[in-house]
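Since the structure comes first, as structure tokens, the remarks are kept for the end.
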Amino acid sequence: MTNNLTSDQVILHKSSKNMEIKKIEERLNACIEKIELDSNKKQILLKEIYNLITEIENDNRLSILYEYEKHYLELLQQHKDEIKFANSIQEDLRRERSQFFTYGLREVCETLKNSGVDADIASAWIQELVKSYTKSLDVSSELAANQVIDTIGILKSEAKKELKKSTQAKAPDNLNDE
């Protein structure tokens, strides 16, 4: 089950939020009618209450974001050894590839040349060596990349779970209850 929202769900959510706001406004208007304020003062009071509600919602969003970021940093701390390990594997593979093409291949070419191996045979052998070695490094790189992707997937999954928990925990009580 994914946490991705469709555009219809977003519209429905916005629509239900607008309906909640309209109900709140209706209740506020009814309360204001009871205290018999003139329309100017009613508008000022409604505007201030709306600003207060907006501020509370923003504080709630900031609180959720803070909790999410805090949890994400904790996840990074928990998995820092795995992250360092994956990074070091990738660095080692890049270094090995660079050293092979910079030094190793040159030494093999010189050794074949100094040994008097026929140029056509040496060329075919070098091409096969490069192809085989490149394939081996590519497989190692792919395994390392999969490890990184798996680690990132774990981090994202745990972060999403925490965000969902934070969002549910911080959801304001239903204002329509009396």
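The values are calculated or read from the model by the stated rules, or taken from the named source; none is laboratory data. Because the structure is a prediction, the values reported are computed rather than measured. Reconstructed Cβ throughout: ideal geometry from the backbone, glycine too, with neighbour counts over all protein chains shown. In case anyone asks, the SASA skips ligands and DNA or RNA and just uses the protein heavy atoms, side chains included. Shrake-Rupley method; radii C 1.70, N 1.55, O 1.52, S 1.80 Å.
Here are some notes:
- Comparing Cα centroids, the range 47-66 and the range 97-122 end up 69 angstrom apart.
- Surface accessible to a 1.4 Å probe, ASP81 within the full protein complex, Å²: 110 Å²
- Accessible heavy-atom area order of LEU143, LEU65, highest first, probe of 1.4 Å: LEU143, LEU65
- About the centre of its Cα atoms, the range 10-167 shows a dipole size close to 600 debye [charges on the beta carbon of Lys, Arg (+1) and Asp, Glu (-1) only; nearest 20 debye].
- Candidate lysines - alpha carbon under 21 Å from LYS41, same-chain residues fewer than 8 apart omitted: LYS22, LYS23
- Net lengthening on full extension, ASN87/LEU46 (0.36 nm per residue, minus Cα-Cα): 9.2 nm
- Accessible-area ranking of TYR50, TYR68, largest first, probe 1.4 Å: TYR50, TYR68
- A 1.4 Å probe run over the range 10-167, with the rest of the protein chains in place, finds 77 Å² accessible per residue.
- FRET efficiency for the ARG94 to ALA124 pair, using the beta carbon distance and R₀ = 22 Å, is estimated at 0.20.
- Of ILE56, VAL130, TYR68, farthest towards positive along the dipole that unit charges on Lys, Arg, Asp, Glu beta carbons give the range 44-172: ILE56
- Heavy-atom accessible area with a 1.4 Å probe sorts GLU91, GLU48, largest first, into GLU48, GLU91.
- Set of lysines near LYS156 by C-alpha distance (under 19 Å), chain-local residues within fewer than 8 positions excluded: LYS70, LYS80, LYS84, LYS164, LYS165
- With every protein chain in place, the range 10-167: carbon and sulfur % of accessible area (1.4 Å): 57 percent
- Estimated distance in nm for a label pair at GLU33 and ASN114, the labels positioned 7 Å out from Cα along Cα-to-Cβ: 10.1 nm
- Proximal aspartates and glutamates to LYS47, defined as alpha-carbon separation beneath 16 angstrom and excluding residues fewer than eight positions away on the same chain: GLU25, GLU26, GLU33, ASP38, GLU55, GLU57
- Average 1/r across all pairs of distinct alpha carbons in the range 10-167, invert it, and you get the Kirkwood radius: 22.4 Å.
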